Amino acid sequence: MKARPAPEVAAHRPPTPLQLQLAERMRAHGPIPFADFMRECLYHPEFGYYSRPEARHFGDYYTSVDVHPIFGRLLARQLAEMWHALDCPTEFLVVEAGAGTGRLAAHVLDFAVRALPDFYQALCYVAVEQSPARRHAHAERLEAHVSRGRAISAAELPREIPEGCILSNELFDALPVHRVLCRKGTLHEMFVGLRASGPGDDVVEGFPGSAMQSAELEERPGPLSSPEIEEYFLEQGITLCEGQFAEAGLEACRRFLDTGRRLGHGFFLTIDYGYEAQELYSERHLRGTLLAYSRHRVSENFLDAPGEQDLTAHVNFTALDVWGGRAGLARTGCVSQMAFLVGLGRANEFADLYAPDASEVEKIRARLLLKTLLHPEGMGGTFQVCVHHKGITAPRLTGLQGI
Ligand SMILES: C[S@@+](CC[C@H](N)C(=O)[O-])C[C@H]1O[C@@H](n2cnc3c(N)ncnc32)[C@H](O)[C@@H]1O
């Protein structure tokens, strides 16, 4: 679990281009819900964090995929087992939502072609990525598999996924969330607007106009922008405490539902950090779970440098069950990344760690990197692998068997 950082005093720096654009919009139309602010910060077509080439990615954060290809290799074994559970259809679609630059896709495909040839012949891997800059990187990485007809790079999900597995790695934590505050038993939504120079009211309809020319932003509570926010908490039986901040991941729920509806028979495998609702909204997370990442520094300065830092919130796996259920998805199981990798790797004592021609030094290095992926107080414990199935009876999956 990530530690909550102490709030930092923001260093004074010039406003980002996105900040100037947002300030203009707020001057004309008033404050916007935090979810809209987060959407702009991450997905603005020109200035959004994920719309730009990935050059600074490693400077801000890295994911399990970046650590070592073993993650993708063991995932390939799990996917091949899913293919068997569906009676080895002639075409098995693996649809990776939010595929980034295609690193995970390459690790799965490169391993499958060499170690799982029958599965590879049935595999059609669709790497879906909304950012043209990131999608561009697929071309080179996946070239060999695309030319063999085993991979496709796409901007949108296929309309139908008759048989296969939808998967995502750190997608749902990167979707906009509504931020709420519970006060006197009532939910208020956090809005982002221009910083007021004088003292303002606690709960506002619109922000005071005294900061007309400034681009400095601040957060204030206001009325809920949609009744869906209250329904989200009611549906999961969640009551927040007095003074508690929390996130409602409505976009993740909608995305899970929409994607799940496209699946005929198969699986939805989600890799992300998160909790069940009872834990996520417990007194252990009174400030919510939203964090900003910039140059490997984690902070709660969400409003700083819009478009230039990553914003994430923990995933609510219970909510995925509820919304997924509407698409006919049922939970197969949910385990830590450590349990998932150990479950799949122990059969051959992690022999998949090594490339066929690896030297002794490379083998030692690979073993050290595996520890990074498995460590229960690091990635191994923070990340969860949650699998849902649809149109089949719950199968036994090796990755979910626990340690
Ligand atoms: C945190 S990154 C993770 C990238 C990759 N899965 C990895 O592990 O490195 C989230 C990715 O999801 C992409 N994304 C977000 N919404 C999307 C959508 N609607 N369709 C396709 N990709 C999306 C973003 O552009 C970004 O590349």
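Relative to the current alpha-carbon distance between residue 276 and residue 346, full extension at 0.36 nm per residue lengthens the span by 22.4 nm. Springs join every pair of Cα atoms under 10 Å in this Gaussian network model of the chain, and among 241, 165, 124 the largest mean-square fluctuation is at 241. The simple spin-label model puts a point 7 Å past each Cα toward its Cβ; for residue 362 and residue 183 those points are separated by 6.0 nm. Roughly how tilted is helix 17-29, in degrees to the nearest 10 and between 0 and 90, from the longest Cα axis of the chain? Roughly 50 degrees, rounded to the nearest 10. For residue 284 and residue 228, what does the FRET efficiency come to when R0 = 25 Å and r is the distance between their Cβ atoms, rounded to the nearest 0.05? E(calc), rounded to 0.05, equals 0.45. At an R0 of 35 angstrom, the distance between the Cβ atoms of residue 66 and residue 393 translates into a FRET efficiency of 0.45.
Full extension of the chain segment joining residue 160 with residue 375 gains 73.7 nm, where the gain is 0.36 nm per residue of separation less the Cα-Cα distance. Non-local lysine pairs in the chain, meaning eight or more places apart or on different chains, with alpha-carbon distances under 30 Å, amount to 4. A straight chain from residue 354 to residue 265 at 0.36 nm per residue would run longer than the Cα-Cα distance by 28.7 nm. With R₀ set to 41 Å, the beta-carbon distance separating residue 144 from residue 13 gives a calculated FRET efficiency near 0.40.
Remark: the Cα gyration tensor places region 307-397 in the oblate category, a/c being 1.5 or greater and a/b not exceeding b/c. Relative to the dominant Cα principal axis of the chain, helix 70-85 is inclined by about 70°. Please say if region 354-403 is rounded, prolate or oblate, where rounded means a/c under 1.5 for a ≥ b ≥ c the square roots of the C-alpha gyration tensor eigenvalues, and otherwise the choice is prolate for a/b larger than b/c and oblate otherwise? Oblate, since a/c reaches 1.5 and b/c is not below a/b. Ranked for footprinting exposure by Cβ neighbours inside 10 Å, fewest first, 189, 81, 91 give 91, 81, 189.
A short reminder: the numbers here are calculations on the coordinates, not readings from a lab. Please read all numbers here as calculations on a predicted model, not as lab measurements. Note that each Cβ is placed from the backbone with ideal geometry, even for glycine, and that neighbours are counted across all protein chains shown.
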